[in-house]
Structure formats: C-alpha cells, structure tokens
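The values are calculated or read from the model by the stated rules, or taken from the named source; none is laboratory data. Here the structure is a predicted model, which is why all the values come from computation and not from measurement. Positions of Cβ are backbone-derived with ideal geometry, glycine not excepted, and every protein chain shown enters the neighbour counts. The accessibility values were calculated without ligands, DNA or RNA, using every heavy atom of the protein model including side chains. Shrake-Rupley method; radii C 1.70, N 1.55, O 1.52, S 1.80 Å.
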Amino acid sequence: MYPYHNKIKQRIKNGELIKYEFVEKYKTISPCLLLYFSTEPYIRPIREHRFEEYKEILAV
C-alpha cells in the first residue's frame, strides 16, 4: 500500500507545497482539498474526512 498521506506530509515539510485550495469537486472527489506542489506529482487531492488534519498542518 502506498503511504499517500505520509508522503504528502513529508513533501509539505520539505517546502514543496506552493498553494492549496478547497474546491467543490475534483474528478470524483466532492468536496476536495487540492494541494499544489513544485515537483511531480504536482496536484494531490484530499478527501473531506482528512480536512481537519490538513487544516492543522497548513495553519503552521
């Protein structure tokens, strides 16, 4: 199993995050938090049940 969220959190710590936004829908995910990175993969979607976890990380 790919450690999706662990990799994303590490990329945020490494300073690769450019911006983020909450959107109504992204592909099949609704609502969605989109994280934009400077390296590939450039866009990572986050599902609603993880929003609070990421709000804490992004507020730092």
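Tally up the carbon and sulfur contribution to the accessible surface of the chain as a whole percent, 1.4 Å probe, everything protein left in place.
Carbon and sulfur: 51 percent of the exposed surface of the chain.
Per DSSP helix of 4 or more residues, -39500 (n - 2.57); summed, then divided by the residues of the chain. What does that give at 222 nm, rounded to the nearest 500?
-9000 deg cm²/dmol
Whats the longest run of the chain with zero trypsin sites (Lys or Arg not before Pro) that are DSSP loop and have at most 10 other Cβ atoms within 10 Å?
For trypsin sites (Lys or Arg not before Pro) (loop position, at most 10 other Cβ atoms within 10 Å), the longest site-free span of the chain is 28-60.
Mind listing which GluC sites (Glu not before Pro) in the chain are in a DSSP loop and have 12 or fewer other Cβ atoms within 10 Å?
Within the chain, the qualifying GluC sites (Glu not before Pro) (loop, at most 12 other Cβ atoms within 10 Å) are 24.
Using 0.36 nm times the number of residues separating residue 6 and residue 57, minus their current alpha carbon distance, what extension gain do you get?
Length difference between fully extended and current span is 17.1 nm.
What aspartates and glutamates sit close enough to residue 7 to cross-link, taking a C-alpha to C-alpha distance under 17 Å and skipping anything fewer than 8 places away on the same chain?
Reachable aspartates and glutamates: 16, 40, 53, 56.
Where only protein heavy atoms count, and the probe is 1.4 Å, what is the accessible area per residue for the chain in Å²?
In whole numbers, the chain has 74 Å² accessible per residue.
Quick one, which of (1) 40; (2) 71; (3) 46 is the actual percent of Cα pairs over 16 Å apart calculated for this model?
(1)
What number comes out for the charge environment of residue 6, summing +1 per Lys or Arg and -1 per Asp or Glu over other residues with Cβ under 15 Å away?
It works out to a net charge of +4.
In straight Cα distance, which lysines are under 21 Å from residue 13, not counting same-chain residues fewer than 8 positions off?
Excluding near neighbours in sequence, the set is 55.
If you take every residue apart from residue 42 with its C-beta less than 15 Å away from the C-beta of residue 42, what net charge results, scoring Lys and Arg +1 and Asp and Glu -1?
+2
Quick check: the angle from helix 4-13's long axis to the longest principal axis of the chain, C-alpha only, nearest 10 degrees?
50
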